[in-house]
Amino acid sequence: MNPVCHTLPPSQISLHWRHSFAALGTDFYAELSPESLEAPYWVGRSPTVANLLELNTSQFASDELLQAFSGNQQLPGSRPLASVYSGHQFGQWAGQLGDGRALLLGETNGLEIQLKGAGLTPYSRRGDGRAVLRSSIREFLCSEAMHSLGVPTTRALCVTGSDDEVWRETPETAAVVTRVAPSFIRFGHFEHFAAKNQLKQLKILADYVIDRFYPECRSKPKFADNAYAALLEKVSERTAVMVAHWQAVGFCHGVMNTDNMSILGLTIDYGPFQFLDSYNPLHICNHSDTQGRYAFARQPNVAYWNLHCLGQALLPLIGEPQMAMAALESFKTLMPKTLHRLMCAKLGLPEASVTQSFIDDLLAALAQDQVDYTIFWRRLSHAQLDGNTEPVRELFINSIAWDAWMLRYSELLALSDRALAADLMLKTNPKFVLRNYLCQDVIEMAKHKDFSGVADLLDVVTHPFAEHPTRAAWAGFVPDWASQIEISCSS
Ligand code: AMP
Ligand code: MG
């Protein structure tokens, strides 16, 4: 299957590969080569991720890597494989899924490298194993934007494209995103072996994750040294922190199925995601999510529901249902606590001085007047610098509610150092987020082989707190045409 098509000159790339996932055995994956793409070209590259992998500038521009990351030749020492997992999709058990279009090459410098869109695998089901240019650019840019906003996430090294045709609703072209993370293991990997009652494999997987990522779980007196309960608690904590960041920054994931939940609490599988424009807690960013299961404000509850699926899967190893329930408890305290901390930083106020109702009142005012979430916070930050609150007030129709809230805010601010608050707020409230319409613009350019927009937008969203005066337009209100954009699961 999938012949490698190039005759290779000696490799210039010397990555030191390890294959700890492959060492788990063939119950966990199928080894196969990527499918080739005709005449690939670079679409986007992240130098910071290249640094993490210790790839130098000339290597990162080399034809060898272009071919390797397009599936046309294999990097020496890599060992491509597609892993098997299952999962709950939109609340229903979906059975076996697996890497239908992603191939893990192995790990280097403690990071796994995965090609997304590299062709058919045994888990492709009815899919074609491919990813299209538009969704690949979105995943690439958003991974890096989220990281720069301090949100736990998988990373993206690059996107390569080809004129090879891929059919979605209309003909599109193929692309591959090269993703990077310490691990791509999902809740669904555990659900897979639990559902098949393959307890030996379930234990191998859990031990692997504990030994590699959560060694502290081996000695947790709280759980009577039950390492699997401790694992569930750790994952609950990481997930709580991740989803709190989403809520604070206004990020809507769109497809929070259990197969899209990372065991490391990283944002993973960017599809129909959206940063909120106007603040609407019930916003649904995924056009296919007709019931609004994954609406913005529901994300914390969905994360908790997903953690129960993981708990259910780990139950044969944990043994005691009560212990599993106790392990999940941490989510309920840590998610609101982390969100509170993040919202206080956005307000430039010490945590102890801010009540939940103070934050809720603000969010209610933002929702009522459909105020742009990012612009509001940035203007509020600037108001601390120059003392002029008028640009913030202008955002509200109901200025009575706003004035009442602002009075309370001023009283709280009076107790703290305003310059310090301004400094913190300008480093916490981004000027730029990756709005859908910004993606759309650079995708259109990329379709016409102009990739400068991808590079420019990458630069801006990876320095989201800087002013970028020449890019002021990208920090403005969403243009009217952008409200027509509909993003579905199709990618
Ligand atoms: P997603 O909604 O992207 O998280 O994908 C859900 C499942 O469908 C995963 O198992 C994917 O690998 C698989 N999948 C999505 N798109 C494709 C495709 N074009 N070809 C093969 N498998 C796919
Ligand atoms: Mg997925």
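If you take all other residues with their beta carbon under 14 Å from the beta carbon of SER11, and give Lys and Arg +1 and Asp and Glu -1, the sum is -2.
Classify the chain: rounded, prolate or oblate, from the alpha-carbon gyration tensor (a ≥ b ≥ c, eigenvalue square roots; a/c under 1.5 rounded; otherwise prolate if a/b is larger than b/c)? In terms of gyration-tensor shape, oblate.
Lys and Arg at +1, Asp and Glu at -1: add these up for the other residues within a Cβ distance under 11 Å of SER491 and post the number. Net charge in that neighbourhood comes out at +3. Simple spin-label estimate for GLN370 and GLU486 gives 1.8 nm between the two label positions (7 Å along the Cα-to-Cβ direction from each Cα). Near SER278, the amide H atoms lying under 5 Å from its own belong to TYR373; only residues 5 or more places off or on other chains count, and H is placed 1.01 Å from N. Charges at C-beta only: +1 for Lys and Arg, -1 for Asp and Glu. How large is the resulting dipole of the chain about its Cα centre, in Debye rounded to 20? Using only the charged Cβ atoms, the result is roughly 1000 debye.
Taking the Cα centre of the range 235-304 as origin, work out the dipole magnitude from +1 charges on Lys and Arg Cβ and -1 charges on Asp and Glu Cβ, in debye rounded to 20.
Numbers: 3 positive and 5 negative charges, 25 e Å.
Computed charge dipole of the range 235-304: roughly 120 debye.
Relative to the current alpha-carbon distance between SER11 and ASP163, full extension at 0.36 nm per residue lengthens the span by 52.1 nm.
About the centre of its Cα atoms, the range 22-181 shows a dipole size close to 420 debye [charges on the beta carbon of Lys, Arg (+1) and Asp, Glu (-1) only; nearest 20 debye].
Between GLU351 and ASP450, the modelled labels are 4.8 nm apart [label points 7 Å from Cα along Cα→Cβ].
Carbon-plus-sulfur accessible fraction, the chain (probe radius 1.4 Å, protein heavy atoms only): 54%. Phi angles across the range 397-414 convert, under the Karplus curve 6.51 cos²θ - 1.76 cosθ + 1.60 with θ = phi - 60°, into 3J(HN,Hα) values of 8, 8, 6, 5, 4, 4, 4, 5, 5, 5, 4, 4, 4, 4, 4, 5, 5, 4 Hz, Gly and Pro given as x.
Sorting HIS245, HIS382, HIS16, HIS192 on solvent-accessible area from highest to lowest, probe radius 1.4 Å, gives HIS16, HIS382, HIS245, HIS192.
How would the range 338-397 be classified by its alpha-carbon gyration tensor: rounded, prolate or oblate, with rounded meaning a/c under 1.5 and the a/b versus b/c comparison settling the rest? Because a/c hits 1.5 or more and a/b fails to exceed b/c, the range 338-397 counts as oblate.
Based solely on its DSSP helices, what 222 nm [θ] is calculated for the chain when runs of n ≥ 4 H residues each add -39,500 (n - 2.57) and the sum is averaged over all residues, nearest 500 deg cm²/dmol?
Working: 16 runs with 206 residues, N = 491.
Rounded to the nearest 500, the figure is -13500 deg cm²/dmol.
How much net charge surrounds ALA401 when only the other residues with a Cβ under 9 Å from the Cβ of ALA401 are counted, with Lys and Arg +1 and Asp and Glu -1? After counting each charged neighbour, the total is -3.
The overall shape of the range 22-181, judged from the alpha-carbon gyration tensor, is rounded, with an a/c ratio under 1.5.
Since only LEU264, ALA229, PHE213 are under comparison, the one whose Cα sits farthest along the positive direction of the charge dipole of the range 201-286, derived from C-beta charges on Lys, Arg, Asp and Glu, is ALA229.
If R0 is taken as 60 Å, the Cβ-Cβ distance between LYS337 and ARG125 corresponds to a FRET efficiency of 0.90. Taking the C-alpha atoms only, the angle from helix 299-318 to the longest principal axis of the chain is near 40 degrees. Taken along the Cα-to-beta-carbon direction at a fixed 7 Å, the label points for GLU38 and HIS19 span 3.2 nm. Accessible area per residue was computed with a 1.4 Å probe on protein heavy atoms; ILE284 scores about 70 Å². In order along the range 107-124, phi translates into HN-Hα couplings of 10, 9, 6, x, 10, 7, 10, 10, 9, 9, x, 8, x, 5, 9, x, 10, 6 Hz, rounded to whole numbers, per the Karplus curve 6.51 cos²θ - 1.76 cosθ + 1.60 with θ = phi - 60° and x for Gly and Pro. Phi angles across the range 181-191 convert, under the Karplus curve 6.51 cos²θ - 1.76 cosθ + 1.60 with θ = phi - 60°, into 3J(HN,Hα) values of 6, x, 7, 9, 5, 10, 3, x, 4, 6, 4 Hz, Gly and Pro given as x. If you plug the beta carbon distance of ARG471 and LYS196 into 1/(1 + (r/R0)^6) with R0 = 56 Å, you get a FRET efficiency near 0.65.
The values are calculated or read from the model by the stated rules, or taken from the named source; none is laboratory data. Keep in mind that what you see is a predicted model, and the values were worked out from it rather than measured. Note: ideal-geometry Cβ built from the backbone for every residue, glycine included; neighbour counts use all protein chains shown. The area values use the complete protein model at the heavy-atom level, side chains included, leaving out ligands, DNA and RNA. Shrake-Rupley method; radii C 1.70, N 1.55, O 1.52, S 1.80 Å.
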